Amino acid sequence: MVARGRFITFEGTEGVGKSTQLKQAAMTLEQLGVDVVVTREPGGTPMAEKIRELLLAPREEAVHETTELLLMFAARAQHLHTKIRPALERGQWVLCDRFTDATFAYQGGGRGVSRARIALLEDLVQGDFRPDHVILLDAPVQTGMARAKKRGELDRFEQEDLAFFQRIRDAYLERATAMPGQYHIVNAELPLEQVSASVSALLTALVQHAR
Ligand code: TMP
């Protein structure tokens, strides 16, 4: 029987360098002989990527927080059941750019949706499925927003104000403190190479532990 893979998610506010770190992390794991799948939320399958487009496009129509919440979980259900779980069962390690912790941070902390309501959908869509490890890239929101703005056109979330992102950062840090076994906080304000080195050391330890 193949040993189940590990599900590792990368989280953080805008512009903390998640995509760069994810690519590096996948390389580290591959060098250690791990079969890796890199994916993202919202998205990760053709249908879930369509839902992502709906969610991120700036629009004049005000988006109700419940609509946003349900679309996040609709995309997640498709992604989880058709891509993430099958990969883990094949023994692959899945690195995911955001997952449900982002919903607790963005829709919970950012939009003010109650944690209980999010937890209800989490149970409905995921049962008891949770990430094995959450790597939280943490940096002051001003630093990240400056980086995000340099990337060009801002999506519907990036157009929010600093206070919104501050609430998101606070929500992430609160969850990290509440779940120290699952969360690994990495200081993303440090130079890129140092952040990569921390993430790489962490993943190497996880692989050694899994063998
Ligand atoms: P990305 O820019 O990191 O790819 O993420 C897309 C946006 O979607 C980002 O602004 C965060 C937001 N998001 C949520 O609001 N809730 C969620 O559950 C997820 C997965 C993402």
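From the set of residues in the stretch 52-111 that are within 8 Å of the ligand (Cβ to nearest atom) and among the polar types (S, T, N, Q), which is nearest to M27 (Cα to Cα)?
Restricting to residues being within 8 Å of the ligand (Cβ to nearest atom) and among the polar types (S, T, N, Q), the top hit is T100.
Of all the residues that make up the stretch 99-116, how many are β-branched (V, I, T) and either touching a His at 6+ places or on another chain (Cβ under 6 Å) or closer than 23 Å to R85 by Cβ (or both)? Outline the logic, then answer.
Step one: list which residues in the stretch 99-116 are β-branched (V, I, T), which gives 100, 103, 113.
Right, trim to either touching a His at 6+ places or on another chain (Cβ under 6 Å) or closer than 23 Å to R85 by Cβ (or both) and you get 100, 103.
The qualifying residues number 2.
Table: residues versus (1) of a type in the set (G, A, S); (2) under 16 Å from the mean Cα position of the chain (by Cα); (3) within 21 Å of I118 (Cα to Cα).
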| site | (1), (2), (3) |
| --- | --- |
| V134 | no, yes, yes |
| D138 | no, yes, no |
| M145 | no, no, no |
| L154 | no, no, no |
| F165 | no, yes, yes |
| H184 | no, yes, no |
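Out of the residues in the stretch 117-155 meeting the condition of being of a type in the set (D, E, K, R) and modelled with pLDDT of 95 or more, tell me which one is surrounded by the fewest Cβ atoms within 10 Å (Cβ to Cβ). Quick ask: steps written out before the conclusion?
Of the residues in the stretch 117-155, the ones of a type in the set (D, E, K, R) are 117, 122-123, 128, 130, 132, 138, 147, 149-151, 153, 155.
With the extra rule that they be modelled with pLDDT of 95 or more, the set shrinks to 117, 122-123, 128, 130, 132, 138.
Working: R117: 14, E122: 19, D123: 11, D128: 6, R130: 15, D132: 16, D138: 18.
Per the stated criteria, the residue is D128.
Pick from I168, I185: which is within 16 Å of R111 (Cβ to Cβ) and among the β-branched types (V, I, T)? Talk me through it step by step, then tell me what you get.
Details: I185 fails: within 16 Å of R111 (Cβ to Cβ).
Going through I168, I185 in turn, just one is within 16 Å of R111 (Cβ to Cβ) and among the β-branched types (V, I, T): I168.
Applying the selection to the stretch 153-188, what residues are within 15 Å of G17 (Cα to Cα) and not in a strand (DSSP E or B)? Break it down stepwise before answering.
Taking the stretch 153-188 first, the residues within 15 Å of G17 (Cα to Cα) are 158, 169, 185-188.
E158, R169, A188, listed by residue number.
Of all residues in the stretch 113-144, which are away from the ligand (no atom under 13 Å from the Cβ), more than 16 Å from M179 (Cα to Cα) and in contact (Cβ under 8 Å) with a residue 40 or more places away in the chain?
Answer for the stretch 113-144, where residues must be away from the ligand (no atom under 13 Å from the Cβ), more than 16 Å from M179 (Cα to Cα) and in contact (Cβ under 8 Å) with a residue 40 or more places away in the chain: R117, L124, A139, P140, T143.
Which one is farthest from G144 (Cα to Cα) among residues in the stretch 21-51 that are surrounded by fewer than 15 Cβ atoms within 10 Å (Cβ to Cβ) and in contact (Cβ under 8 Å) with a residue 24 or more places away in the chain? Outline the logic, then answer.
Let us first name the residues in the stretch 21-51 that are surrounded by fewer than 15 Cβ atoms within 10 Å (Cβ to Cβ), namely 23, 27, 30-31, 33, 35, 46-47, 50.
Retained after the next criterion (residues that are in contact (Cβ under 8 Å) with a residue 24 or more places away in the chain): 35, 47.
Numbers: D35: 31, M47: 29 Å.
Out of the qualifying residues, it is D35.
Scan the stretch 6-47 for residues that are more than 16 Å from S198 (Cα to Cα), within 12 Å of the ligand (Cβ to nearest atom) and modelled with pLDDT of 95 or more and jot them down.
Passing the criteria: T13, T39, R40, E41, P42, G43, G44.
The values are calculated or read from the model by the stated rules, or taken from the named source; none is laboratory data. All figures in this text were calculated on a predicted structure; none of them were measured in a lab. Methodologically, a virtual Cβ is constructed for each residue, glycine included, from the backbone with ideal geometry; neighbour enumeration extends over all protein chains shown.
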